[in-house]
């Protein structure tokens with residue numbers, strides 16, 4: 001029996017990863033710097049602190065992360081102000097889970113302020129049981145903290161879940177499994 005489903009948000013529920021990449025490219029153009037896609041791809045599934053570190057490793061002090069991030073968000077917020085592109089089948093799946101009283105929870109690296117806006121604008125907010133955001137945990141992905149909080153919320157065993165396709169999610173689940181096996 002399925003006790004709940006944990007969703008990653010960006011790239012699994014919503015088709016926002018490409019919008020994020022476009023936002024970084026937009027910021028780079030405004031700042032007169034090339035922000036390569038290979039770098040922005042490495043940001044996926046990461047919290048802002050982790051992205052800041054990757055950004056600093058690549059650019060050093062040549063580019064201000066906070067300024068670039070603000071411009072990226074400016075672009076992203078504009079293109080998602082009225083709607084968020086869903087992955088195919090999302091609404092059907094969430095409605096199925098809701099009809100069968102199976103909790104649908106979100107584990108996202110995105111901070112609460114930004115993610116909750118996307119969930120609201122997407123029109124599926126009423127189908128989500130709970131969400132744990134990147135700024136609600138001490139250690140972001142690939143550490144398992146964000147998944148452990150959702151597992152605690154669902155009051156179930158972590159082995160009942162398999163997250164989306166992202167490697168950071170898979171590493172998190174593996175670490176969580178190892179932690180639970182030690183107890």
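Any read-out appearing in this document is the output of simple, stated calculations on the displayed coordinates, not a laboratory observation. If you're wondering where the values come from, they're calculated on a predicted model, not measured in any experiment. Because the Cβ atoms are built from the backbone with ideal geometry, glycine has one as well, and the counts that use them run over all protein chains shown.
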Review point. Per residue, how much space in cubic angstrom lies within the convex hull of the C-alpha atoms of region 9-53?
Key: 69
Exercise for review: Figure the gain on full extension for residue 130 and residue 70 (residue separation times 0.36 nm, minus the Cα-Cα span) and round it to one decimal in nm.
Suggested key: 18.9 nm
Check your understanding: Ratio of Rg to Rh for region 41-135, alpha carbon only, Kirkwood?
Key -> 1.05
Check your understanding: Based on the Cβ-Cβ distance of residue 152 and residue 58, what FRET efficiency does E = 1/(1 + (r/R0)^6) give at R0 = 35 Å, to the nearest 0.05?
Key -> 0.45
Study note, to complete from the structure: Once both label points are put 7 Å beyond Cα along the C-beta direction, the residue 96-residue 83 separation in nm becomes 2.3
Practice item. Figure the gain on full extension for residue 3 and residue 117 (residue separation times 0.36 nm, minus the Cα-Cα span) and round it to one decimal in nm. Key: 38.4 nm
